[in-house]
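The values are calculated or read from the model by the stated rules, or taken from the named source; none is laboratory data. Keep in mind that this is a model prediction, so the values were computed, not measured. Cβ placement follows ideal geometry from the backbone for every residue including glycine, while neighbour counts extend to all protein chains displayed. What goes into the accessible areas is simple: the full protein's heavy atoms, side chains included, and nothing from ligands, DNA or RNA. Shrake-Rupley method; radii C 1.70, N 1.55, O 1.52, S 1.80 Å.
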Amino acid sequence: MLDRRNVLQLSVLLFGSVLLVSAFVEELDDSFLESRDPDDIWLIEFYTPWCSFCRHLDPVWHQIGSELRSFGSPVRVGKSDATVSTALAKEFRVRNYPAILMFKNQVKYNYAGSRTKDGIMAFSDRVSGPLVRSLSSVQLFQHTMNRHDVMFVYVGAKSELKGNYTTAAEELIVHTFFFSATRDVLPKAVTLPSLPAVMVFKDGTYFFYNEERDGDLKSWINRERFPNFLEIDGYTLYAMGESGKLVLLALVEETHLCDESLRYKNMVEKVATEHKEMHGRNFYFGFMQGSNYISGLIMGDVIVPSFIVVNLSNDGYFLPQRHVETEHHLLDFLEGVLNGSVESLGGNGFSQRIRRAVYETKLTLVPLFRDAPGLGCFLLGFPLSIGTIFCYLCIKNRPTQTDDEDKSPQRRKKPRDKKTD
Ligand SMILES: *[C@@H]1O[C@H](CO)[C@@H](O)[C@H](O)[C@H]1NC(C)=O
Ligand SMILES: *[C@@H]1O[C@H](CO)[C@@H](O)[C@H](O)[C@H]1NC(C)=O
Ligand SMILES: *[C@@H]1O[C@H](CO)[C@@H](O)[C@H](O)[C@H]1NC(C)=O
C-alpha cells in the first residue's frame, strides 16, 4: 500500500513529468496565423475532444515533440483543438481528425501514413529537409543506397529536367526522397545513357526515366515509388492507388503465418522477381497480413490464405477462377486479368455503390442488434430514419467527414497523402 507521502511524491512526479513533456508540444490557437515566424517549420496535429484516435495519438505526439527537441531539430511541434481554433483549422482545410501536417515555406504537406511515431518522424525528417538532397561523395551515395529500398536520383547539371524533377519533388516529397548526384559518385557498374538523367535504384537494380516511353516525370515517379515486392498494409495499398498499377496480393494471417500462407507469399515473391520484365509495368506484388481491409473492399469474408488482384483505380478486384497450385497458375491468372478473360468484380459503378450502402448499413446495424436488441428494434420502428440513413449512404460521396471510430486503416475514409496548395 502506498502511504500518503508516497502518493504525494508520486503525484508530484507525475505532474512534473506531464509539465515537462507538454513543454515540447505547443498548443496553437487562431493567433498562430498572425504570430508565426514564416521561417519556422511546423508539425501540427489538429484534434477534437471527441475523437478517440486523437487521444490515442496524444502520447505519441508528446514523444515526437520531445525527441525532435532533443535532436535539436528545427521542426516545432504543435497541436490545435479544431473545435476551439476554428479559423486555424479552416485555414488549413482540416476535415479528418486527427489531421497531421507539416507547414513549411507557406506550403502544407499532409501526412496520411500510419499514426505511429516512426511513420510520423520519418515524414517529418523527409519533408522538413531539402527538397532535393545532394549526394556529394561515393561513400554518402553508398550509405544512402543501403538505407533506401527505392531511391530516385537526378544526375547532371542544371537543366529543364532538373526543374521538372524539383517540381515533382515539391509534391511527392511526402512520399519519397529525392536525391541528386554527379556522375563520378555513382556506383561503377552504372552505365549512363546521356546526361542529364533521372534514375531509380530499387529491387537490386536501376533504370532510367525516358520521357517518350514513360510520359510525364511526376506520374513515372508516382508509379515507381514502391519496391516491386513488399508487405502492404491498408495505408500503403491506399497510397498505391495513385501508381495506376494493379496489385497482386497474397492474403495471409495477421500473425503466425501457417505453412500454406508462407508458400503463397513466396510464390508471389518469386513471380515478382522472376517476371519483373514482363509484369513490372502493370503490377505491384506483395502480401497483406490480416483481412479486414480487403473484406471491406470486397464486402464479404476473405479466405486466408488466398490471392487477389486489386485495381485501385476503380476499386475493382479479380479472384483466380481455379485453385492456384503453382507459379504457372499464378502467371496464367495475371495474364487473364490483363487480357480480360478473368472477370472484374466490385468497382465503383452505381450498383456497387448501392451494394456498399447496404453493406455499410448492415455493418452498423448488426452489432447494434447483437449488443442492444431493444434499441435495435426501437430504431427499426422508425423505417423512415433507416430509409434516411440508407439514402444518405447512397448519395454521399465516398470520402467521409471523420474517421473517429474506425479501428483499422479503412479505405473509404482517408484523405490523399499529398501536398495540397
Ligand atoms: C518538363 O516538363 C514539361 C511539362 O510537363 C515538358 O513539356 C517537358 O518536356 C519536360 N522537360 C524535360 C526535359 O523532361
Ligand atoms: C482498372 O481500372 C481502370 C479505371 O477504371 C481501368 O481503366 C482499367 O482498365 C482497369 N484495369 C483492369 C485490368 O481492369
Ligand atoms: C487470356 O489469358 C489466359 C491465360 O493465359 C488464356 O488461357 C486465354 O486464352 C487468354 N484469352 C485471350 C482472349 O487471349
Query raised in the report: Gain in length, Leu33 to Glu253, computed as 0.36 nm per residue apart minus the alpha-carbon separation, to one decimal in nm?
Result: 74.5 nm
Query raised in the report: Once you sort the root eigenvalues of the Cα gyration tensor of the range 38-149 as a ≥ b ≥ c, which label holds: rounded (a/c under 1.5), prolate (a/b larger than b/c) or oblate (the other case)?
Result: prolate
**Report entry** Accessible-area ranking of Arg355, Arg95, largest first, probe 1.4 Å
**Finding:** Arg95, Arg355
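Just by accessible area at a 1.4 angstrom probe, what is the order of Cys54, Cys258 from largest to smallest?
Working: Cys54 5, Cys258 50 Å².
Listed by decreasing accessible area, they come as Cys258, Cys54.
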Requested in this report: Would you mind pulling out the separation of the Cα centroids of the range 146-191 and the range 34-110, in Å?
Outcome: 30
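What is the Cα radius of gyration of the range 162-304 over 2.2 N^0.38 Å, N being its residue count?
After normalising by residue count via 2.2 N^0.38 Å, the value is 1.20.
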Query - Cα centroid of the range 226-294 to Cα centroid of the range 119-140, whole Å - result: 27
Query raised in the report: Where both partners of a DSSP beta bridge lie in the range 19-121, what percent of those bridges are antiparallel, to the nearest 5?
Result: 55
Report task. Report, to the nearest whole %, how much of the accessible area of the range 229-348 belongs to carbon and sulfur atoms, 1.4 Å probe, protein only. Result -> 47
Query raised in the report: How much FRET efficiency would the formula 1/(1 + (r/R0)^6) give for Arg93 and Val366, where r is the Cβ-Cβ distance and R0 is 30 Å, rounded to 0.05?
Result: 0.30
Query raised in the report: If you average over every viewing direction, what projected area does the convex hull of the Cα atoms of the range 116-201 give, in nm²?
Result: 5.7
Report summary line: Stretched fully, the stretch from Val138 through Lys117 gains (0.36 nm per residue minus C-alpha distance, one decimal, in nm) 4.4 nm
Report summary line: Taking only protein heavy atoms and a 1.4 Å probe, the highest-to-lowest accessible-area order of Ile173, Ile298, Ile303 is Ile303, Ile298, Ile173
Query raised in the report: What whole-number value in Å² describes the accessible area per residue of the range 186-342 for a 1.4 Å probe?
Result: 45
Report summary line: Row for the range 229-348, column shape: gyration tensor on C-alpha, a ≥ b ≥ c, rounded if a/c < 1.5 i.e. under 1.5, prolate if a/b over b/c, else oblate; value rounded
